[in-house]
1. Might you check whether a residue that is in contact with a Ser or Thr (Cβ under 7 Å, 6 or more places away or on another chain), within 23 Å of Asp165 (Cα to Cα) and modelled with pLDDT of 90 or more occurs anywhere in region 92-111?
2. Of the residues Ala143, Ala159, which is among the aliphatic types (A, V, I, L, M), part of a strand (DSSP E or B) and in contact with a helix residue (DSSP H, G or I) (Cβ under 9 Å, 6 or more places away or on another chain)?
3. Assess whether Ser147 counts as being crowded, with 16+ Cβ neighbours inside 10 Å, under 19 Å from Ser218 (Cβ atoms) and assigned by TED's automatic domain parsing to the domain that holds Val209.
4. What are the pairs, 6+ residues apart or on separate chains, where a residue within region 76-103 that is without any contact (Cβ under 8 Å) to a residue 40 or more places away in the chain has its Cβ under 7 Å from a residue that is assigned to a loop (DSSP other than H, G, I, E, B) and polar (S, T, N, Q)?
5. Is it true that some residue in region 78-89 is surrounded by 14 or more Cβ atoms within 10 Å (Cβ to Cβ), modelled with pLDDT of 75 or more and closer than 30 Å to Asp146 by Cβ?
6. Hey, among the residues in region 120-140 that are in a loop (DSSP other than H, G, I, E, B) and in contact (Cβ under 8 Å) with a residue 12 or more places away in the chain, which one's farthest from Asp217 (Cα to Cα)?
7. Confirm whether Asp146 is of a type in the set (Asp, Glu) and within 21 Å of the chain's Cα centre (by Cα).
8. Do you know which of the residues in region 69-99 that are of a type outside the set (Val, Ile, Thr) and in a helix (DSSP H, G or I) is farthest from the chain's Cα centre (by Cα)?
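The values are calculated or read from the model by the stated rules, or taken from the named source; none is laboratory data. If you're wondering where the values come from, they're calculated on a predicted model, not measured in any experiment. Cβ placement follows ideal geometry from the backbone for every residue including glycine, while neighbour counts extend to all protein chains displayed.
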Amino acid sequence: MSNLASVVGSLSHTDAESRLYAKPSGEHMHLGSTLRSVLFLVPFLVVCILLYLLLRAGVLSVPLTVLIGVIIAIVWSTVVSGVRVAAQWERGVVLRLGHLHSVRGPGLMYIAPILENVRFIDTRTLVLNIPRQKVITKDNVPAEIDSALFFMVKSAEKAVVSIQDYRFAVAQYAQATLRDVVGGLTLDELLSEREQIQNRVQDSVEERVKDWGLHIDSIRLQDIELPEDLKRMMSRQASAEREKRATITKAEGDKLAAVSLVEAALLMEKSPATLQLRTLQTIDGLGSSPSNTVVLFPVEMVALLKKLGVGKDEG
């Protein structure tokens, strides 16, 4: 349980309202806007100069000149509006009259105005935050989990045709799968087997979204928030477990010390000289402090008294 306590200690509380909800990290870069402006202005300025020269020469009247200029501006702006530029990481899915026509890009492309429409798809690795999910584990413990989803678009055509909004869809599917997986685990498994949980969720989501032209890179669990009273109980349990191990360790040490003392005593009993050396080491260890008073009693005298006592008892 000490591992559980360390995991619980690392849990952090985050504000759920600050989380993004299936929101893309970036939009299409309008790289062709400058090019379209140049392609429109340069020819239109040339046309305006020609119309002005014709007006000065008396060939055209003022109303007719203005009308021709407006018509040319509308027609030319419509033609130029079809010029598009896709970035290196973008693919353009082109629909012609509502039917899928082609996938173009990266680079310069032309989309026929009115007839064709294009939707740009980002093929880089995308990141979506899966908002805090309230789950109940197998042993009926409530928890809240934050996670992040990393994925990429492998087929721009399928991502547009097969699913309405692939970002929102993959986020919703990952949320549901995460709740299903965690609901089949106990609290101990949830806290100690993060890698296995992430792999199970990833495999389940990957199996479904590959039909949408998507590939799941990984799903990472960020925060696991437990009720405060449960965390306090787990902390007390871990503390009791550590105290139990400390008591057992001390008892084992005392046992080993007692065994060693017995073996040393048996050895010293066989060798009186060893016992005398041990006695001298003990006296030396007392130090020479004035507060210590040492009274020496000859060991031989103890042995002699023992013999006399034994002889008296026998007599």
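1. Initially, region 92-111 is screened for residues in contact with a Ser or Thr (Cβ under 7 Å, 6 or more places away or on another chain), giving 94.
Remaining after also requiring within 23 Å of Asp165 (Cα to Cα): 94.
Then drop every residue that is not modelled with pLDDT of 90 or more, which leaves 94.
Scanning region 92-111 turns up at least one residue that is in contact with a Ser or Thr (Cβ under 7 Å, 6 or more places away or on another chain), within 23 Å of Asp165 (Cα to Cα) and modelled with pLDDT of 90 or more.
2. On the way: Ala159 fails: part of a strand (DSSP E or B).
Among Ala143, Ala159, only Ala143 is among the aliphatic types (A, V, I, L, M), part of a strand (DSSP E or B) and in contact with a helix residue (DSSP H, G or I) (Cβ under 9 Å, 6 or more places away or on another chain).
3. Yes.
4. Trp89/Thr123
5. Yes; the residues of region 78-89 include at least one that is surrounded by 14 or more Cβ atoms within 10 Å (Cβ to Cβ), modelled with pLDDT of 75 or more and closer than 30 Å to Asp146 by Cβ.
6. Looking only at region 120-140, we keep the residues that are in a loop (DSSP other than H, G, I, E, B), and these are 123-125, 137-140.
With the extra rule that they be in contact (Cβ under 8 Å) with a residue 12 or more places away in the chain, the set shrinks to 123-125, 137-139.
Working: Thr123: 13, Arg124: 11, Thr125: 8, Thr137: 26, Lys138: 28, Asp139: 31 Å.
Selected residue: Asp139.
7. Numbers: of a type in the set (Asp, Glu): yes; within 21 Å of the chain's Cα centre (by Cα): yes.
Answer is yes for this residue.
8. By that ranking, first place goes to Gly69.
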